[in-house]
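Everything below concerns the one structure shown next.
The values are calculated or read from the model by the stated rules, or taken from the named source; none is laboratory data. Since this is a predicted model, take the numbers as computed values, not measurements. With ideal geometry, Cβ positions are generated from the backbone for all residues, glycine too; neighbour counts draw on all protein chains shown. Note: areas computed on protein heavy atoms with side chains; ligands, DNA, RNA excluded. Shrake-Rupley method; radii C 1.70, N 1.55, O 1.52, S 1.80 Å.
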Amino acid sequence: MKSESPTGHQPPLVLSSAPHLKGRTSIERDMYIVTGALLLPFFGAVYFFGLYVLLMLVTALITAVFSEYICKMMRKKVFRMDGSAVVTAILFTLTLPPRTPLWIVAVGAFFAIAIGKEVFGGLGQNIFNPALAGRAVVGVSFPVHFTEYIAPTAPWLVDGVTTATPLAVGAAPYWNLFIGNVAGSLGETSALLILIGGIILIATGLIKWQVPLFFIGSVALLSLLLGQDPLFHILAGGLMLGAFFMATDYVTTPLTTKGKIIFAIGAGILVVLIRLFAHMPEGVAYAILLMNAVTPLIDRYIRPRPYGYQGRKMGAIR
Amino acid sequence: MTMKTRICDLLKMKDTVGVHPPQQKMTAGAVIESTQLPDIVTLMMKQHSGAPAKLLVKQGDVVKTGQLIAEATAFISAPVHATLSGEVKRISSVVHPLTGELTTAVTIVSDGADDWVETVMVDPDGLSREEIIARVQRAGVVGLGGGGFPTYIKLQPPADKPIHTVIANGAECEPYITADTRLMIENPERVVAGLQIVMRVMKAEQAYIAIEENKPEAIARLRAYLAQLDLPHVHLFVLKACYPMGEAAVLIREVLGVEVPEGGRARDVGVLVQNVGTIAAIYDAVACGKPLVERVMTITGMVAKPKNLLVRFGTTASHLIALCGGVKPGGDELLFGGPMLGIAQLSYDSPVTKSVNCVLVKQSIMKEERNCVRCARCITVCPMGLMPLMFYNYVRKTIYDRLAEYRLETCMECGSCAYVCPAKIPLVSYIRIGKDELWKQTTDK
Ligand code: SF4
Ligand code: SF4
C-alpha cells in the first residue's frame, strides 16, 4: 500500500506491520549451507569410487529439479529453486552403492521428490525425509542392485572387486572405516569427511549437536550392552551420514531440542535392533524413516514450558 | 540450582533466548537537543491506554504551554495538556497515528512565545503519598516506554499485593532507539530522584536500574552517580544485551529470577516495572509540578543527521525530520517506534504522542511469504517459551480452539519469531488475527 505525502516534498510511504526488520535467514541460505557441507563426503565418494559417482549425482540432480518443476506445475504452484531439491538429490545419491545404474538413480530421485515431498504439499509439509523415502522405494523395488557393493575402485586406488559391505561381513580396520576406504554406499564411507561437514552445520547453527551425539551415543551404548563392538557400529554403515545429515533434517524431525533428543535416541536404538535382529545389514535409513513417522506424536507431547505456566507438566495436545 | 536445571543447561534444552538484530544506535553519542518549536501541534485526546480524555477547550481559545486542555474521564485515562502557547485553531477527528482509530484532536497554532502556566517547585519529601499520586495523575504522566498506561494507577496497587521491588527499565533493547540511554547519561539525577519517589510511594524495599551491557556510558554514569549518593537499596543491574530484554515479563525473569504467572501482572509477584523516561517524568511532575508536554525522542534511520530531540507532543514527523536534515534517498517507510514494534505511518504529517520514543525512517522490506519449513527457529528465540509456528498453523487452518492450548495469550507480540523466520512468515500478523478470534469467542459466549 502506498500513500502520497500531502506536503509533497517527501517520498511516498509504504505501510507494513511490525516487525519491520527481518533477519538474514532464508530457506535458500539454509539449503545451500547444507549443500556445501554435503559436498565434502560427496567428493570423498568421488575420490574413493571414481568419476562414475559424479555421473550419478548429475542424474539425480537433473531428475530431482525437473520432477519438482513438473509437480509444482501440476499442483499449479510456483516453482522456486529453493535448494531443497539439490540437498535431496545429493543425500539420495550418497545412500546408493557406487555402481548403481543411472536409470535407478533417476527413478529414485523422482520418487524422492514426488512421493517423498510433493504429495504431502511440498517442502515443510513432508513427513518423511525425501532422500530416504526415495532410497526405500528403489531399495525395495530393485533389491538385486543393493546387495552388491564394490570396494573403493577409483583408478588411482586398487581395482574394484565385488564384496560384501563391512556390516555384512562384520569386520574392517577402524582406520579404513574412519577415512572411508571401505566398501559401502557412497556416503557410508568416510566418517571423517562427514564429521567435518557436520561440524560446519553445527557451527552455522543449522543443526543441534545434541542430535548426532545422542544418536551415535545410543548406538554405541546399546551395541556395547548387546556384546557388540561399539566403535565398529559407529563407523560402519550409514550411521555417521544419518546422524549428521538425516536425523537433523528440520522438516521431518521434532521441533524442540528435547523432542530431537528423543528422536535421536529412538533412532539409535532402532538402528542396533534392525542391524542385529532384522537380517538387514543396514538399519539407519529405516530407523530414521520410522522415527519420522513418530515425529508428529513427539511434537504433541514435548513442548517448551510457556512463561508463567503454573501447572507442573505440560500436557499433550489432543 | 537443582540437578534438573543443571542437566537442562548442560544439554541446552531450554530454548528461550531472544534475538540480536543489528543495533544501529547511530545516535548513542548525540546529546539531547531542545530545538526550534513547531508552529503548530495536533494533540490526540488519547495518548494513553484507556478512555480518551474529555475536551475542555473550544475553537478560538487561547492557551498557555502546560495548560490542561482535556481531563481524564475514567479510572484508566489521563489528562492532556497544551504543548505550545497559542490559539486553539481546530478541533477535528483524525486517524490516530498508533491505533488507526478516528480520534478527536486539538490543533494549536503557536503564538511564538511558549508562555508557560505557572509551575511550583516543591520538595517531594514533604509530600504525602496521596499528594504524590495526585500530582502524577494531574500531570498526565503515562508509561513512556510504549504502553502508555496511566502511571498513577500503577502507583496504587491493591492492598493485598504489596510491591517489594521497583525495576527502572533502562534496557532500551530495540535497535536505533537511544532516548532512554541519553536520558540516563545526561540526567541521572532525575532518574534516581524519581526512582526514590516511586520507592517511597510503593514502600518498596529495593530497586534496580536495569541497563543492557552494551550501553557502557550509561552504566558508568549511573554507577558513579549512585556511588556518590550511597543509596543502599538502589542497585544497578547490568543485563545481557538481547531483544526483547526490555519487555517487563522478560526483565522480571532476568533481574529477579521469577516469572509472572499466566494471566497475571507484575504486581502479582510484588514488582513494579517503570521505564526510566517515565520515572524522570514522575520526578518532573512531583518535584517541579511540570505537566507532561515533552519527552526525548530519537529521530533516526535514513535521515541526513540522526538526533536525539526533546520533542513537544503533537509535533508532526515532517517537522522533526526537517530538523534532522530531511529524508535520505531510499527511505520509504516512516515508523513511530523502533523497527521491531514500531507502527507504520500513513503520512509525514502524523503527530507524535506521549508513547512515541522514536521516529524512524527506513527502507521498507517486502519479502514474499513462503510455507513454514519447521525449522523451529521461532521456538528457539521466543522469550515466552511459545511455539509461534503453531499459531500460524492453526490460524491458517482456522482451528482457533487450539490457540489457547498453545498459550497464545502469553505472547507479547515482540516480533522475535517473525524476525528469525527463514520463510518470512509475518507471524505477528497471524498472532494478532488469532488473538482477535479468541477475543471474539469469549465475548460471544
Ligand atoms: S511475538 Fe509472541 S510468539 Fe513471537 S517471539 Fe514474541 S512472544 Fe514469542
Ligand atoms: S521460524 Fe518460520 S519456518 Fe521456522 S518453524 Fe517458525 S514459522 Fe516455521
If the chain between residue A:119 and residue A:277 were fully stretched, how many nm would it gain, using 0.36 nm times the residue separation less the Cα-Cα distance?
-> 53.6 nm
When you count, for each residue, the other Cβ atoms within 10 Å and take the mean per peptide, how do B:196-205, B:32-41, A:87-96 rank with the highest first?
-> A:87-96, B:196-205, B:32-41
Listing of segment B:245-278 residues, each with accessible area lower by at least 10 Å² in the full protein assembly than in the chain alone (probe 1.4 Å) = B:249, B:253, B:259, B:260, B:261, B:262
Place a +1 charge on the Cβ of each Lys and Arg in the protein assembly as shown and a -1 charge on the Cβ of each Asp and Glu, then give the dipole magnitude about the Cα centre in debye, rounded to the nearest 20.
-> 1300 debye
What whole-number value in Å² describes the accessible area per residue of segment B:124-288 for a 1.4 Å probe?
-> 36 Å²
Relative contact order of segment A:184-288, defined on C-alpha pairs under 8 angstrom at six or more residues apart (%) | 32 percent
Given +1 on the Cβ of Lys and Arg, -1 on the Cβ of Asp and Glu, and no further charges, what dipole in debye does chain B carry about its Cα centre, rounded to the nearest 20?
-> 1080 debye
Pop out the ³J(HN,Hα) list for segment B:187-204 in order, Karplus 6.51 cos²θ - 1.76 cosθ + 1.60 with θ = phi - 60°, rounded to Hz; leave Gly and Pro as x.
-> 10, x, 5, 5, 5, 5, 5, x, 4, 5, 4, 4, 4, 5, 4, 7, 6, 6
Interchain or sequence-distant (5+) residues whose placed amide H lies within less than 5 Å of the amide H of residue A:252 are none
Set Lys and Arg Cβ to +1 and Asp and Glu Cβ to -1, take the dipole of chain B about its Cα centre, and tell me which of B:382, B:355, B:65 lies farthest positive.
-> B:382
May I ask what percent, to the nearest 5, of DSSP beta bridges between residues of the protein assembly as shown are antiparallel?
-> 60 percent
In the neighborhood of residue A:215, defined by Cβ-to-Cβ distances under 12 Å, what is the net charge if each Lys or Arg adds +1 and each Asp or Glu adds -1?
-> +2
From highest to lowest solvent-accessible area (probe 1.4 Å; ligands, DNA and RNA excluded), B:439, A:103, A:209 read B:439, A:103, A:209
Buried accessible area between B and A, both sides, 1.4 Å probe, in Å² rounded to 100, is 5500 Å²
For segment B:238-347, give the magnitude of the charge dipole about the Cα centre (Cβ charges: +1 Lys/Arg, -1 Asp/Glu; no others), in debye to the nearest 20.
-> 400 debye
Protein chains only, probe 1.4 Å: how do A:26, A:141 rank by accessible area, largest first?
-> A:141, A:26
Each residue of segment B:211-219 in order: what ³J(HN,Hα) in whole Hz does its phi give by Karplus 6.51 cos²θ - 1.76 cosθ + 1.60, θ = phi - 60°, with x for Gly and Pro?
-> 10, 5, 4, 8, 10, x, 5, 5, 4
Starting from the residue with the highest accessible area, list B:213, A:28 in decreasing order, probe 1.4 Å.
-> B:213, A:28
Exercise: per-residue mean of other protein chain Cβ atoms within 10 Å, A:22-30 = 6
Any idea how far the Cα center of segment B:350-422 sits from the one of segment B:287-306, in Å?
-> 29 Å
Take the alpha carbon atoms of segment B:423-445, find their center, do the same for segment B:244-280, and report the distance between the two centers in whole angstrom.
-> 25 Å
Beyond 24 Å (Cα-Cα) in this structure, taken from B:46/B:203; B:307/B:424; B:54/B:154; B:46/B:89, we find B:46/B:203; B:307/B:424
Shielding of B:365-373 by partner chains, average beta-carbon count, 10 Å = 5
Expected field for residue B:436, accessible surface area in Å² at 1.4 Å probe radius, rounded to 10, holds 100 Å²
May I ask you to derive the FRET efficiency for residue B:396 and residue B:229 from their Cβ-Cβ distance with R0 = 60 Å, giving the value to the nearest 0.05?
-> 0.60
Debye intensity ratio I(q)/I(0), log10, chain B, q values 0.05, 0.06 Å⁻¹ (C-alpha model) | -0.18, -0.26
Using a probe of 1.4 angstrom, how much of the accessible area of segment B:342-445 is carbon and sulfur, in percent?
-> 53 percent
Spatially proximal lysines relative to residue A:208 (Cα-Cα < 16 Å; intrachain offsets below 8 disregarded) | A:258, A:260, B:12, B:14
Furthest towards positive pole of dipole, B:50, A:191, A:110, structure part the protein assembly as shown, Cβ charges = A:110
Please compute P(r) over all alpha-carbon pairs of the protein assembly as shown, binned at 20 Å starting from zero, and give each bin as a whole-number percent.
-> 15, 40, 27, 15, 3, 0
Partner shielding of B:415-425, as the mean number of partner chain Cβ atoms within 10 Å, equals 5
For chain B, whose charge dipole is built from +1 on Lys and Arg Cβ atoms and -1 on Asp and Glu Cβ atoms, the candidate among B:38, B:184, B:255 with its Cα farthest towards the positive end is B:255
